[in-house]
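Notes follow once the structure below has been shown.
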Amino acid sequence: MKLAVTSKKWKTKEIEALIVPIASKEHAPAGLPPLATQLLADAIKRKEFNGLKGEMLSFVMPITAGQTLRHVVFVGIGKPGHLDMVACAKMVAQVIRTVQSLK
């Protein structure tokens, strides 16, 4: 498993799993695949995901030609500006366990 963190533009042809941090009461950032954005919006609307610290929501993306992106994992980070290093380390460990379980 190779992990990379970036704030640059990414290409769905080059990754298998996308981990997206989401703060409380916020929506998907720009640049996500439209289906991932819609799935997150639906989950927020149904109150299945709120962006609370430690909350996780994952989706399997449909196979499309030329795309390797299979999983999108949304990770709640709580209130904007209130993420500390200990909580961040716990969330990273949780994300790694989740991604490993996705195979």
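Looking at the stretch 62-87, which of the residues that are without any contact (Cβ under 8 Å) to a residue 40 or more places away in the chain and part of a loop (DSSP other than H, G, I, E, B) is most open to solvent (accessible area, probe 1.4 Å)?
Taking the stretch 62-87 and keeping what is without any contact (Cβ under 8 Å) to a residue 40 or more places away in the chain, we get 62-65, 81-87.
Okay, now just the ones that are also part of a loop (DSSP other than H, G, I, E, B), so 62-65, 81-84.
Values: 62: 68, 63: 138, 64: 64, 65: 106, 81: 84, 82: 117, 83: 71, 84: 78 Å².
So, considering only residues that are without any contact (Cβ under 8 Å) to a residue 40 or more places away in the chain and part of a loop (DSSP other than H, G, I, E, B), the one most open to solvent (accessible area, probe 1.4 Å) is 63.
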Could you count how many residues in the stretch 28-47 are farther than 14 Å from residue 73 by Cα and open to solvent by 60 Å² or more (accessible area, probe 1.4 Å)? 6
Quick check on this structure: which one of 53, 90 is part of a loop (DSSP other than H, G, I, E, B), in contact (Cβ under 8 Å) with a residue 24 or more places away in the chain and among the basic types (Lys, Arg)? 53
Which residues, taken from the stretch 1-27, are closer than 16 Å to residue 75 by Cβ and either hydroxyl-bearing (Ser, Thr, Tyr) or modelled with pLDDT of 80 or more (or both)? 6, 7, 17, 18, 19, 20, 21, 22, 23, 24, 26, 27
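The values are calculated or read from the model by the stated rules, or taken from the named source; none is laboratory data. These figures come from a predicted structure and were not determined experimentally. Quick reminder, even Gly has a Cβ in these numbers, built from the backbone with ideal geometry, and neighbours come from all protein chains shown. These accessible areas exclude ligands, DNA and RNA; they are computed on the full protein's heavy atoms, side chains included. Shrake-Rupley method; radii C 1.70, N 1.55, O 1.52, S 1.80 Å.
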